[in-house]
Every structure is written in C-alpha cells, then in structure tokens.
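The values are calculated or read from the model by the stated rules, or taken from the named source; none is laboratory data. Remember, predicted model here, so these are calculated numbers, not experimental data. Positions of Cβ are backbone-derived with ideal geometry, glycine not excepted, and every protein chain shown enters the neighbour counts. Only protein heavy atoms, including side chains, enter the accessible area calculation; ligands, DNA and RNA are left aside. Shrake-Rupley method; radii C 1.70, N 1.55, O 1.52, S 1.80 Å.
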Amino acid sequence: MTSPRPEPLTPLALPDPDATGAWLRARTDDGLAEARAIVERLRAEPPADALAALEQWDAVTRALSNVAAAGSLLGNVHPDEAVRDEGDRAEQEVDKLATELSQDRALHDTFAALDPSGLDGEAARLLERTLRDFRRAGVDRDDATRARIAELNDRLTELDQTFSRTIRDDVRSIRVAPDRLGGMPQDWLDARPAGDDGLVTITTDYPDVVPVRTFCHDAEVRHDITVQFLERGWPQNDAVLRELFALRHERAERVGHADWPSYDAEVKMIGSGPAIPAFIDRIADAAREPAERDVATVLARLQQDRPDADALTSADVAYYEELVRKEQLDVDAQLVRTYFEFPKVRQGLLEVTGRLFGLHYEPVPDAPVWAPDVTAYDVTSTVDGSPVGRIYLDLHPREGKYGHAAQFTLVDGVAGQQLPEGVLVCNFSRGLMEHDHVVTLFHEFGHLVHHVLGGHGRWARFAGVATEWDFVEAPSQMLEEWAWDAEILRSFATNAAGEPIPADLVARMRAADDFGKGTAARVQMFYAAMSYYFHAERPDDLTARMVELQGKYSPLRWIDGTHMFASFGHLGGYSSAYYTYMWSLVIAKDLFSAFDPTDLFDPEVAGRYRDRILAPGGAKDAADLVEDFLGRPYTFDAYAAWLASAG
C-alpha cells in the first residue's frame, strides 16, 4: 500500500493593492503570534531529541522570515506610503522579537544541552549555527548588558530604516533648456518633453542620470546632475550614520569584539576584521597600473576639449570613457542600445536562464500585484514539470519605490512547507536599454534564480541566498557572462529592423568593457575602504574622511562640496563589508573558468553548477560549495589574469 502523495504547495496569495495594509498587519500579527506559540512550547516542554528541538526552532525562523520578508518588500516597493510605513513596522517587530529570543538563556540552555551525535550534517550545522547566534546576541552576558543590547538592536533597526528611507525619498532634479541636451538619444528626449516653462526636468533616478552623465555634451549639465545625485540624503543622513556607526561599535563591544568589522566578519568567508583592509589593499595594488593606463587615456581625451583639465571626476568619467570607446575602440553606445529594447531583453533573459537551469517561466496574469507594471511568473522544472517557485518582476521606476536594483525575498522556500518566492526590483527604462543595464538585469536575476533553486531544502535557516555574505554576489556576477556572449545576445538583441546584433560589434563591446575596469576596481576599493574605516574609526567628520579615502584609492577627484556617503545605501545593509562585491568577483571569475566559453549551455557543467552551487543554499560553507563544483579550492588566479588584461 502506497502513501498518498502530499498536496502540491501553492504560492502565497497576495492581496489586492488597496487591501495590502490590512493584509500586512494580519500577516505580521499572525506570524509573530505563531513564533511566540512555538517558543512557548519549547520553553514548557523542551524536546530531549535534538532533531525535534531544531525542527521547532526552524519553524520559528520560518514564521519570522515570512513577516520580515513581506515587510521589507512592501516597505520598499508599495505605492502607498502608509503601506510602506506598515512594512517598516513589521521589520521592527520581527527584529525586536528576534532580539528577545536570541537573549533567552533558557532557550539557549535547551539547545546547549542537546546531544548532536545522531544528527546528520545539515542538522548538526544548524545546531552549531544556532548556538553561535545565541553567543553573538549576548545570551551569556549579564542582565544589564542584554537589556542594553536589546535597546541597541531596536535603535539600529530604526536608524537603518531612516537611512534607507531618506535616500529612497530624496529624488532630486535639475531643469535645463532642450538645446543643452545635445548628444542625448532621441527616444530619451521624446520621453521627456519640455514643460510649460520650456525646460526639461532631469531627475536623479537611474533612467535619467545614467544616460545624461554618459551622453550629454554639455559639461555643466553633467556636472549639475552629478552633484544632485551625489547630494541625495545630505545633510539628514550625516547624523544618522554617525549614530549608526557608534551604536554598531558599542553593539560589537558588548559581546567581546574589538569593533564592528571584527564582529561582522566572524560569520563571513573573510573571517576577521583586519583581513578586510588587507584585501582592499591587495585589490587596489593589483588595479593600480591598469587604472593609471585608463586614466591617462581618458584624461588625454578630456584635455582635447578642456586643455586645463588635470584630473577626472565622476561628472566627466562616464562621458569621456564613452568617447574613448566610440572614437578609439569603435563602440557607439547609442548604436548598441538600439539592439536592446526592454521587452525583448526581458524575454531573452527568461529564455536564457530557463535553458541554462532547466526552468520554465509561466506568466500568471491574474496574480495580485502591488503595482500595475509588476509581472508574476510561476517557475517549474523542464524535467518533470514540478513547481520550483514564483517570481515577480518589478523593473521600472515609480514614486516612493526603492531606487536601485536588488532581489527581495517574499517567501523563503522550505521543502514540504512553502514554495520559494522572490521579487526582482529594478529601475530600468521601458524603451531602449544601455547594455550596462542589460548586464545589471542578468546580475540581479542571478540572485532571484539562486533564491528559488536554493529554496527546496529542509531548513528555513539555509534557504535560498543564505550563504556567507561575501559569497552571495558570486553567482550573480558569474551570470553576467551570459549577457556578453555574442550568440546568446543574438537570440534576443535585435534592432527595429529585426536584425540581430552583429558578432563583431559584441566583440568590440567586450574589448571596450575591458577598458576602464582598472578604474572601476579602484573606485570600488574606495567604496569598500569607506565602508570599513567609517565603522572601524567612527570619524567625527565623515566628509573629511571620505575625501581622504577617495584621494588614496579612487582615480577620480572629489567634487568640492559633495557628500556621496550620505546616499551610499550599502552602509546600511552591507555595513563594514562592502569589500564583499570584489571578494565575490574573485570567486565568480574562478567559477566561470569551469565553463567552456564556446558552449555556455553545456548541460553537464550547467547542471553541476545548479546542483552544487545554487541548490544547496546555505547548507554548506561557501568555500566547500565552490570546491564541490570546481574540484579544488578557489584561487585568485582567474581574477588576477582578468584584471591584468585591462587597458
């Protein structure tokens, strides 16, 4: 006699937009109540069996994750400010309860007393991670210290949300006469007619600011919009950040760490705080010569127009790098973008990733969504039709929406419990796209596919993108390579006449992209150094320290009077660990070395990558995942060779 097959899992039923506030409040209250009820059972009748105790604790994790994920998503994307505020409240409530539980000595003692001898590898890992979480939360500290940590955590959540909200809401603009927009693409101009006063509004949203800084001939216009872009969040976020850094430092000291970077690095691949500046300097040194070649070339081109120029700034670098690529490397970005119409790119992305990972994306036109231009897809396996998850694509800017590009979790997938659901939140043009934005779309989709493929394990704690933070970008950075392959691009990149992008143009694009990567690496190390030293040193004058670090690491001169750090959103979520982007890139280059560049869809390699890197989620250390896939530990070699080829 066979057991009945379990009922298939179904996606979360989202509400209609006008009912979202009430739905989110109910989801928050119900999720928190569920978590508390499970905890009460754990306290009242702690299981002697280690596996049973872990299952109950993971159910708490799942309940809290469901609340936090919905709160974070809707707090960043919903058009109604009241719903966004409700999302922020949900996150605060989850953080408050999580802090309370993590400092509960009775709960800690329950897990510390468990016998791990009968557990399998993943369950033993979960127990070890659980005990580590308790220790990092200060469970072994005295009552006064634990109370202060709880206060710190609450305030840190508030500060982080205030920092992000200020950036999100601070959309600035300039107004210019149409005759000052020479060089701009015609479709861009057509979408931005002059107002009643005869002027065109240019905002600091990406579909405005990136093309203007890249194509506009008028140096003053480029300068003015760059200054507005760099000034977002200033001056409000200066005080917010100084308090944030101070309280993070105190939080780390309260549990025995020298500073916040040391506390934060303990749970990352890098392992220790002092290893961060060492890594930053290693990358900066490797990029020094390529960056010097880049800057000399671009500065020489700038001096043709402005002979007295003696340095590059962020107001000029994109424009003059583009001129070098056009004039010296024969790549015209305005010609390139005619091949990348947004609807075709989106469909191409789905076809490419579907083929690579064995997935089918079925549109769900009747799925409730929070804004009219959001699209939903059910994801299934092409092997057996089994459900993999649901994804939402929210890809265009609107007022009140998160202004960058990121994957947000809606539901963490757990086998037999709930399907993984994720949301891609970006801010792309609805018409023609720069190829850089196509690459960004592939990158961010890499997080989304990691989330759904990694959402079929036993434990919520290890679901989806749950690896060490300095590894999470590697799979996304590697997926960018599929946005550079000529044959792959020709499958969806066609111009208005239906002609596919020429292979020789793609080759020139790749060569042009290699130009400038030394500069880009040094700029990234400036950001990483700011992220680290702001936390390690907590300077009173953030602007002065930023200028010093920019002078040491970046090839681009500071624009007088600007305060870029105030809108550097990664100081929130990434805190002292912005180095992780480059750390992940080192690994991504090594991962890609396993693929045959003449056959990026090789099913054996792609399947091994899917099953050994993406599907496990956080069930293993990232270094072990990489070694499982490559058959050896990762090395710096592939990245070093790639960087050395610059210029």
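What the table shows:
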{"item": "Accessible solvent surface per residue of the range 570-647, calculated while the other protein chains remain in place, 1.4 angstrom probe, Å²", "result": "37"}
{"item": "Prolate/oblate/rounded call for the range 345-482, Cα gyration tensor, a/c under 1.5 rounded", "result": "rounded"}
{"item": "Percentage relative contact order, the range 423-574, counting C-alpha pairs under 8 Å, at least six apart", "result": "14"}
{"item": "Efficiency of FRET from Cβ geometry, Ala33 and Asn495, R₀ 51 Å, rounded to 0.05", "result": "0.35"}
{"item": "Average accessible surface area per residue within the range 118-240, 1.4 Å rolling probe, Å²", "result": "43"}
{"item": "Residue-span extension gain [Ala309 to Arg129] - 0.36 nm each, minus C-alpha spacing", "result": "59.3 nm"}
{"item": "Estimated distance in nm for a label pair at Asp504 and Ala300, the labels positioned 7 Å out from Cα along Cα-to-Cβ", "result": "2.5"}
{"item": "Rounded to 10°, Cα long-axis angle of helix 20-44 versus longest principal axis of the chain", "result": "40"}
{"item": "Average Cα contact separation per residue, the range 1-157, under 8 Å, 6 or more apart, as relative contact order %", "result": "22"}
{"item": "Rounded to the nearest 20 debye, dipole of the chain from Cβ charges on Lys, Arg, Asp, Glu", "result": "540"}
{"item": "The range 122-203, relative contact order [Cα under 8 Å, separation at least 6], %", "result": "24"}
{"item": "Per residue solvent-accessible surface (Å²) - the range 1-87, probe of 1.4 Å", "result": "52"}
{"item": "Pairwise centroid distance, computed over Cα atoms, of the range 413-466 with the range 257-299, Å", "result": "27"}
{"item": "Label-to-label distance, nm, for residues given as Glu289 and Leu189 (7 Å Cα→Cβ offset)", "result": "4.5"}
{"item": "Zero-based 5 Å bins, Cα pair distances in the range 1-95, whole percents", "result": "2, 13, 19, 16, 15, 13, 10, 6, 3, 1, 0, 0"}
{"item": "For the range 527-562 versus the range 483-520, the gap between their alpha-carbon centres in whole angstrom", "result": "35"}
{"item": "Computed lengthening from Ala82 to Asp49, 0.36 nm per intervening residue step minus Cα-Cα distance", "result": "7.4 nm"}
{"item": "Neighbour-limited loop hits for GluC sites (Glu not before Pro), the range 312-419 (at most 10 other Cβ within 10 Å; DSSP other than H, G, I, E, B)", "result": "Glu399"}
{"item": "Global form of the range 184-313, assessed from the alpha-carbon gyration tensor, a/c cut-off 1.5", "result": "oblate"}
{"item": "Leading residue at positive end of dipole, the range 400-508 (Cβ point charges), from Gly446, Ala507, Leu410", "result": "Leu410"}
{"item": "Inter-part distance where the range 586-624 and the range 326-386 are each reduced to a Cα centre, Å", "result": "21"}
{"item": "Helix-only [θ]222 nm of the chain, DSSP H runs n ≥ 4, -39500 (n - 2.57) each, per residue, nearest 500", "result": "-17500 deg cm²/dmol"}
{"item": "Of all accessible heavy-atom area on the chain, the percent that carbon and sulfur account for (1.4 Å)", "result": "50"}
{"item": "DSSP-loop GluC sites (Glu not before Pro) across the range 27-90, with at most 13 other Cβ within 10 angstrom", "result": "none"}
{"item": "Magnitude of the charge dipole, the range 559-621, Cβ model with Lys/Arg +1 and Asp/Glu -1, debye to 20", "result": "240"}
{"item": "Val171-Leu329 pseudo-label distance in nm [points 7 Å out on the Cα-to-Cβ vector]", "result": "3.2"}
